[in-house]
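Below: the structure, in structure tokens.
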Amino acid sequence: YVIVDGDDTYPSDNVSQMCDLVLNEGVDLVIGDRLSTTYFHENKRPFHNFGNRITRKLINLIFNSDINDIMTGYRAFSQRFVKTIPITSKGFEIETEMTIHALDKNYIIKEIPIIYKDRPDGSFSKLNTMSDGTRVIKTIFTLFRDYKPFTFFSYTAIILLLPAVILLLPVLSEYWKTGLVPRFPTLIVACLIIMLAMLLFVCGIILDVIKNNNRQTSELMFSL
């Protein structure tokens, strides 16, 4: 399976190479890498360039990967990949979803450099930098929560614990010195935040177990 954006920005010369990697070398996802070649020179939309860099850094950081071009519209897939990916996105963020799915399921990924050229004269992009960029960032964090729930909720719990500790330390210090707790509202707020952080941490553990069970079930079903 090969997909390509219909805006005449990707060359057809690489199709044979991409198909060969899937059919003869067992690659599950072939990515046409624009960013390592001509993209930043050809593309005249600076916010798109900035968005591509941010998306790449976020996904590589969260999923411990080293993908050069996350959002390219030039890809080839194996049948195994196509039959197992649950597509839930409807717009520009679909490429992000494909990439994260491949990383999470340990599919074989191969990037090949392609020569990107800007849209021809008279062709206009339907993409909106701000709205589509926001949707992509939202998709990244949603998939981060779904694919790595323990990490996501643990980090969230830690972020909540920091202000709770900052609020709680002066109250405890004053109690140790005087035996009194004059700032009960601060104590109550700090304790509530700590309880919420603990609840999120437990949720992360439970969801991680469910995710692993679902992953094992899906792999068994596919093997059959």
Name the residues in segment 133-188 that are over 17 Å from LEU103 (Cα atoms), open to solvent by 60 Å² or more (accessible area, probe 1.4 Å) and either in contact with a Lys or Arg (Cβ under 8 Å, 6 or more places away or on another chain) or among the acidic types (Asp, Glu) (or both), would you?
GLU174
Quick one: in segment 1-24, which of the residues that are among the polar types (S, T, N, Q) and loosely packed, with under 11 Cβ neighbours inside 10 Å is nearest to TYR74 (Cα to Cα)?
SER12
Scan segment 37-48 and report the pairs whose first residue is in contact (Cβ under 8 Å) with a residue 12 or more places away in the chain and closer than 16 Å to GLY133 by Cα and whose second residue is open to solvent by 60 Å² or more (accessible area, probe 1.4 Å) and in a helix (DSSP H, G or I), with Cβ atoms within less than 8 Å and a gap of 6+ or a chain change.
PHE47/MET130
Of all residues in segment 91-117 being in contact (Cβ under 8 Å) with a residue 60 or more places away in the chain and aromatic (Phe, Trp, Tyr), which is least open to solvent (accessible area, probe 1.4 Å)?
TYR116
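Answer with yes or no whether ASP146 is in contact (Cβ under 8 Å) with a residue 60 or more places away in the chain, under 30 Å from GLU95 (Cα atoms) and assigned to a helix (DSSP H, G or I).
Working: in contact (Cβ under 8 Å) with a residue 60 or more places away in the chain: yes; under 30 Å from GLU95 (Cα atoms): yes; assigned to a helix (DSSP H, G or I): yes.
Yes: the conditions hold for ASP146.
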Failed criterion for TYR107 (all others in (1) modelled with pLDDT of 90 or more; (2) out of contact with any Asp or Glu (no Cβ under 6 Å at 6 or more places or on another chain) hold):
(2)
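The values are calculated or read from the model by the stated rules, or taken from the named source; none is laboratory data. Model, not experiment: these values are computed from the prediction. Heads up, the Cβs are rebuilt from the backbone with ideal geometry, glycines too, and the neighbour counts pull from every protein chain shown. When the accessible area is computed, the model is the full protein with side chains, heavy atoms only, and any ligands, DNA or RNA have been set aside. Shrake-Rupley method; radii C 1.70, N 1.55, O 1.52, S 1.80 Å.
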